[in-house]
Amino acid sequence: ARRPMIIAGGGVQYSRAVAELTNFAESHSIPVVETIAGRANLLAGHPLNIGPIGVTGSDSANLIAEKADVIVAVGTRLQDFTTGSWTAFEKNAKFISINAARHDAGKHMSIPVVGDAKLGLASLDTAIGDYQADANWVALARSERKKWDAYVADNTAHGDNRPNSYAQAIGLVNSLCDKRDRVVASAGGLPAEVTANWRTLDIGTVDVEFGFSCMGYEIAGAWGARIAQSEMEPERDTISFCGDGSYLMLNSDIYSSVLSNKKIIVLVLDNGGFAVINKLQNNTGNESFNNLFADCPTIAEPFAVDFEAHAAAMGAIAETVESPAQLGEAFMRAKSS
C-alpha cells in the first residue's frame with residue numbers, strides 16, 4: 001500500500017476514538033477524510049485532514065479517494081452519499097472496515113474488523129508497525145486540501161455586494177463563533193453546505209444529521225444538544241442552521257427551549273420553500289410544483305410567513321436581517337443574550 005487513506009465516520013466519536021484516530025494517522029502519515037457524520041473528528045487545520053468526502057464533500061477528499069489503493073474505513077456505514085454509490089473509488093482499491101456492526105464492516109468486499117473503533121485502531125496500529133505512507137502521496141493530498149481551502153474562503157466570503165447564500169451565512173457564523181460552540185444542521189441544502197464549508201474549530205463540535213435528512217431535527221436536535229451542553233459547557237452556544245421549509249415542518253421545540261431555559265441560536269435561512277426538493281423535481285424532468293411557495297396555486301400572491309413574529313410568539317427573541325453585515329450584528333446580539 002503506497003496510497004492509503006482513512007475514512008473517519010461518526011463511529012469514531014461514538015466510541016471516543018478521536019485520539020486513537022489522530023495517533024494512527026500521524027504515526028503512519030495517512031491522509032484522513034471525513035464523512036457527514038464524521039465531521040469534526042479532526043480540526044480544519046490538521047495537516048492530514050484532507051476534507052469531507054462524497055457527494056456533498058470536497059474536491060480534495062474526492063480526488064484522493066479516486067487514487068487511493070488501500071482505504072481504512074473507521075466507524076462509517078459507507079452509505080451512498082459517502083461513496084457516490086461506489087463511484088468514488090478506484091475499482092481495485094482494497095478496503096479494511098472497522099465497525100461495531102457486522103453488516104457495515106463487510107461492505108464492498110472489505111476485510112472486516114468487527115469491533116469498537118477505539119480498540120480496532122489501536123490493534124491495527126500495532127499490527128502495521130513502523131509503516132509510513134508514500135511521501136509524495138501525502139504531499140499531493142495536502143496540496144489538494146490547500147486548493148479546497150482557497151475555494152471555501154471564496155465561497156463563504158460575505159461581502160454585501162453578492163446575493164445572500166447559505167455559504168455566506170455559514171462562513172460568517174464560523175468566523176464569529178467560539179471554537180466550542182456546537183453547530184447543528186439536518187435537512188435540505190444546509191447539510192451539504194455545512195459539510196463542505198464549515199471549518200472545524202474544535203473536536204466534536206459539528207452535528208450534521210443527514211442519515212435520514214430529518215426535517216426538523218435542526219431545532220429538536222439543537223435543543224437536545226443544548227440540554228447536554230449546558231451541563232458540561234454552559235458558557236458555550238448551540239447554533240442551528242435551519243431552512244424555512246424545515247422550520248415550518250417542526251418548530252415547536254423553540255417553545256420547549258424557552259420553557260426549559262435552554263438557549264439555542266436558530267438561524268432560519270429563507271429561500272421561499274422546499275428548494276432542494278424543487279431542484280430534485282426539476283432534475284428528473286418535471287416542472288416546479290408545490291415546493292417553492294411562488295409555484296403554489298394561490299388566489300393571490302403567495303402568503304409570506306413572518307418567521308420573526310412566529311418565533312417571538314413562542315417566547316424567542318427574534319429579528320429579521322437582510323444582509324451578511326446585519327446577520328453578523330444580530331448573531332453577536334444572540335450570543336450575548
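The values are calculated or read from the model by the stated rules, or taken from the named source; none is laboratory data. Here the structure is a predicted model, which is why all the values come from computation and not from measurement. Note that we place each Cβ from the backbone using ideal geometry, even for glycine, and neighbour counts take in every protein chain shown. Note: areas computed on protein heavy atoms with side chains; ligands, DNA, RNA excluded. Shrake-Rupley method; radii C 1.70, N 1.55, O 1.52, S 1.80 Å.
Which value, in Å to one decimal place, does the Kirkwood hydrodynamic radius take for region 107-178 when every pair of different Cα atoms is included?
Roughly 16.6 Å, rounded to one decimal.
P(r) for region 49-199, from all Cα pairs and a bin width of 10 Å, is 10, 31, 35, 19, 4, 0 %, short bins first. Considering only alpha-carbon pairs that sit under 8 angstrom and 6 or more positions apart, the relative contact order computed for region 75-136 is 25 percent. Relative contact order, whole percent, for the chain stands at 15, derived from Cα pairs under 8 Å and 6 or more residues apart. Shape annotation for region 287-337: C-alpha extents along the principal axes are 44, 25, 16 Å, from largest to smallest. Provide, for q = 0.19, 0.25, 0.26, 0.28 Å⁻¹, the log10 of I(q)/I(0) from a solvent-free Debye sum over equal Cα point scatterers in region 53-111. These q points yield log10 I(q)/I(0) values of -0.62, -1.07, -1.14, -1.27. Comparing region 183-261 with the 2.2 N^0.38 Å rule of thumb, its C-alpha radius of gyration ratio is 1.06 (two decimals). When the solvent-accessible area of region 69-192 is split by element, carbon and sulfur atoms take up 55 percent of it, the probe being 1.4 Å. Mean residue ellipticity, 222 nm, helices only, the chain: the sum of -39500 (n - 2.57) across DSSP H runs of n ≥ 4, divided by residue count and rounded to 500, is -12000 deg cm²/dmol. The chymotrypsin sites (Phe, Trp or Tyr not before Pro) found in region 108-190 that occupy coil by DSSP, while having at most 14 further C-beta atoms within 10 Å, are 131.
Each peptide in 236-247, 198-209 gets a packing score, the mean of other Cβ atoms within 10 Å over its residues, and the list from highest to lowest is 236-247, 198-209. Please report the base-10 log of the normalised intensity I(q)/I(0) for region 219-260, using a Debye sum with one equal scatterer per alpha carbon and no solvent, at each q in 0.16, 0.22 (1/Å). Each listed q maps to, in turn, -0.41, -0.72. Under the criterion of Cα pairs below 8 Å and six or more residues apart, the relative contact order for region 187-284 equals 32 percent. Derived value for region 178-337: Kirkwood hydrodynamic radius 16.6 Å. Basis is the mean of 1/r over every pair of different alpha-carbon atoms. In the context of the full set of protein chains, residues of the chain present 48 Å² of accessible surface per residue (probe radius 1.4 Å, heavy atoms only). Considering the values (i) 0.97; (ii) 0.99; (iii) 1.15, which represents Rg/Rh (Cα atoms, Kirkwood Rh) as calculated for the structure under consideration? Read-out from the structure maps to (ii).
Compactness of region 88-127 is given as radius of gyration and Dmax, 10.7, 29 Å, from Cα positions.
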